[in-house]
1. Calculate, in nm to one decimal, what Ala259 and Lys317 gain on full extension: separation in residues at 0.36 nm each, minus their alpha carbon distance.
2. Return the subset of Lys334/Lys360; Lys194/Lys261; Lys194/Lys270; Lys270/Lys340; Lys106/Lys377; Lys123/Lys195 for which the Cα-Cα distance in this structure is over 23 Å, preserving the input order.
3. How much length is gained on full extension from Ala96 to Asp331, taking 0.36 nm per residue of separation minus their Cα-Cα distance?
4. Round to the nearest 0.05 the FRET efficiency obtained for Ser302 and Glu351 when R0 = 22 Å and r is the Cβ-Cβ distance.
5. Tell me, what is the FRET efficiency for Glu367 and Asn72 to the nearest 0.05, using R0 = 22 angstrom and their Cβ-Cβ distance as r?
6. Which order results if Val173, Val74 are arranged by neighbouring Cβ count within 10 Å, fewest first?
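Every read-out reported here was derived from the displayed coordinates using simple, explicitly stated rules and does not represent laboratory data. A quick note: this is a predicted structure, and the numbers were derived from the prediction, not measured. All Cβ positions, even for glycine, are placed from backbone atoms using ideal geometry, and neighbour counts span all protein chains on display.
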Amino acid sequence: MKKMIFLLLISFVTMQNTEAQLLKKLKDKAQKALEPKKPDPPVVENNGNAGNEGNASASKIEKKWVPTSNCNLVFTLDAGEQFFYDETEVVAKNNAMSYSFIVQNKKYEYFLIEDGVRTGPFKEAPSRKVDKPETEEESTSSTDDDKISMGGDSKDPVAIQYSKTINGKLYLVFNGKNYGPYDYISKMKLSPDKKHFFALVTIGGANAMTAKMGMGNCFIVSDGTLKQKVGNDGNTIPVKFSISNGFKQCMATIMDQSAQKVLKVSSTGKSEESSITDLYTDNGLGSVVSDFGDIITIPAQSPRQILVNGEEAASFKVPIKSMSRLFLLPDIKKSVYYEKGKFYRADGTEESVTDILFPKLLILNNEAAIYYYKVVKNENAGKDVYLCKKTL
């Protein structure tokens with residue numbers, strides 16, 4: 001009997017201990033659930049440090065980008081603001097860097113930021129599209145604005161704006177002066193400061209009717225003394241009209257119907273011939289004109305090459321997919337091509353860069369440099385925008 005009572009006591013004590021342990025676990029769990037959750041450790045973006053991809057420990061704690069002496073803070077985006085990319089202008093004005101950005105906030109309000117001065121808010125974007133930045137995936141080189149479309153519904157809007165019929169003849173009226181007369185104005189392009197122009201026009205041809213439709217004798221003209229004939233045949237059709245990066249020279253591409261060939265002629269008289277089939281096989285690369293009037297071409301069959309007036313001048317490690325990301329220098333062998341976080345040089349060297357926006361080659365005070373922007377998160381949930389310079 002005593003033995004049985006002893007066993008019952010042990011069982012009772014054991015049950016009490018088990019229940020006590022269970023109650024303690026439940027109490028601890030409840031207490032933990034009521035405690036405030038500790039925030040996760042902050043993660044700092046890598047806004048300019050390349051080369052950590054293969055380092056597992058470095059990928060967990062990335063170093064914050066620190067601006068160098070070649071990067072200056074130019075303005076700040078408030079929390080929730082973002083670039084309105086279809087409204088961006090980055091140009092050289094008065095021998096200095098100039099920029100114009102449209103930003104949009106969460107309320108769908110717009111602000112204009114020009115050279116550090118912010119105005120707004122506006123209910124609609126306050127300016128027309130100027131220069132749509134190209135994405136990495138795009139492969140176009142010469143913009144659609146270079147192409148010439150024939151027909152009443154496809155006339156160049158800039159040419160229409162400055163055209164005027166005087167005494168039955170067609171003129172360009174620009175800054176109070178008359179230029180002409182012409183039979184047709186295929187394309188007109190203005191300088192960034194709106195003080196100068198280049199145009200591709202038709203003056204006479206096989207007959208008066210076709211000349212007034214834009215087919216005949218093509219000429220390159222300007223607000224200065226330029227009046228240069230493109231081709232010798234009076235039965236030519238304008239195809240493209242390009243301007244150099246610094247608005248110093250231009251180039252016309254025409255189709256000679258009689259000779260069945262394509263002719264490119266720059267405002268300095270440099271020329272290059274090709275077959276009509278090249279118009280359909282250049283994969284959108286085509287040609288551009290330099291500030292010195294040279295014709296720069298990327299062959300579709302060998303897109304790593306740069307041809308100057310038909311002769312090879314340089315070659316890159318990678319194919320050139322976009323002429324707008326090809327930064328041409330007077331010495332072609334020092335030219336730079338940007339693609340997917342790398343500057344490739346024609347001398348075979350390369351340099352990694354990260355998170356850059358709107359790269360633009362400008363020659364200011366006789367110094368060639370690529371200007372670009374970097375956007376870095378700040379402590380106020382906004383973003384600081386830096387203008388950086390890479391001297392070439």
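1. Stretched fully, the Ala259-Lys317 segment lengthens by 17.2 nm.
2. Lys194/Lys261; Lys194/Lys270; Lys270/Lys340; Lys123/Lys195
3. Result: 82.4 nm gained on full extension.
4. 0.35
5. After rounding to 0.05, the efficiency reads 0.85.
6. By the 10 Å Cβ count, ascending: Val173, Val74.
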